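Let me begin by presenting the structure, written as structure tokens, before commenting on it.
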């Protein structure tokens with residue numbers, strides 16, 4: 001289970017992180033001190049449990065909670081705050097629990113247990129599946145201007161980067177967000193996504209045609225009509241994958 005702690009007080013984050021890591025089902029913990037940092041963490045890694053303070057620098061915890069209302073399969077949300085007057089509002093934004101500072105170790109363990117029961121993916125299985133071998137695994141988060149979109153990898157045709165801006169071309173639309181191609185490559189299943197150029201990743205199942213191109217390179221035409229270059233650096237691996 002991956003846990004994200006969002007609080008603008010470093011000591012409060014460290015105290016909660018210490019209590020959280022005592023639970024055997026917690027495999028990793030990330031921290032953020034603002035909504036902006038939290039969104040970056042949520043995009044970077046699938047989060048199972050989110051501990052969220054209310055008063056943060058800049059946007060509030062409620063601002064983040066409202067953004068999460070637009071997300072499919074959001075993390076298990078728990079407000080962790082020093083203020084008791086916001087409990088009703090917290091549950092109006094789908095919070096699952098509301099705990100007060102100073103934190104109680106037993107209460108934290110109970111919260112984690114409830115989160116694990118609510119999230120079957122965090123339960124151990126006898127035959128674990130590697131996400132890199134799983135073609136239809138959970139959707140990835142893409143940060144839009146005012147919301148987070150959840151997109152299934154199988155619906156992505158191509159990802160490319162230009163001047164530190166990622167473009168993700170899907171069957172419905174093209175999304176844009178800041179980031180690197182390497183970051184996106186880590187999120188996508190290696191079984192179906194391949195790099196054809198230092199700036200391009202494609203879904204091999206969306207390839208319709210392969211054409212000869214300049215200087216003994218190739219050009220790929222995807223099923224949506226998009227044309228993607230195959231550079232000389234990636235040519236050998238590309239040919240091996242497609243048996244040409």
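The values are calculated or read from the model by the stated rules, or taken from the named source; none is laboratory data. Being a predicted model, the structure only gives us computed values, none of them experimental. Cβ atoms come from the backbone with ideal geometry, glycine included; neighbour counts cover every protein chain shown.
Could you give every pair whose Cβ atoms fall below 9 Å, whose first residue belongs to the stretch 143-165 and is outside the structural domain of residue 65 (by TED's automatic domain parsing) and exposed (fewer than 13 other Cβ atoms within 10 Å of the Cβ), and whose second residue is part of a strand (DSSP E or B) and modelled with pLDDT under 85, counting only separations of at least 6 or pairs across chains?
Close Cβ pairs satisfying both conditions: none exist.
Sort out which residues of the stretch 216-241 are closer than 15 Å to residue 169 by Cβ and assigned to a loop (DSSP other than H, G, I, E, B), and write them in order of number.
223, 224, 225, 226
Step by step: first the residues of the stretch 226-244, then only those that are at pLDDT 95 or above and more than 15 Å from residue 198 (Cβ to Cβ), then the one that is surrounded by the fewest Cβ atoms within 10 Å (Cβ to Cβ). Which residue is that?
Selected residue: 227.
For the stretch 174-207, what are the residues that are within 15 Å of residue 229 (Cβ to Cβ) and in a loop (DSSP other than H, G, I, E, B)?
Hits for the stretch 174-207 are 198, 199.
If residue 13 satisfies every condition in (1) buried (at least 19 other Cβ atoms within 10 Å of the Cβ); (2) in contact (Cβ under 8 Å) with a residue 24 or more places away in the chain; (3) farther than 21 Å from residue 71 by Cα but one, which is the exception?
(2)
Residue under question is residue 47, and the condition is that it be touching a residue at least 24 places away in the same chain (Cβ under 8 Å), at negative phi and surrounded by fewer than 14 Cβ atoms within 10 Å (Cβ to Cβ); does it hold?
Criteria not met by residue 47.
Given the criterion in contact with a strand residue (DSSP E or B) (Cβ under 8 Å, 6 or more places away or on another chain) and on the phi > 0 side of the Ramachandran plot, identify the matching residue among 227, 171, 164, 206.
After ruling out the rest, the residue left standing is 164.
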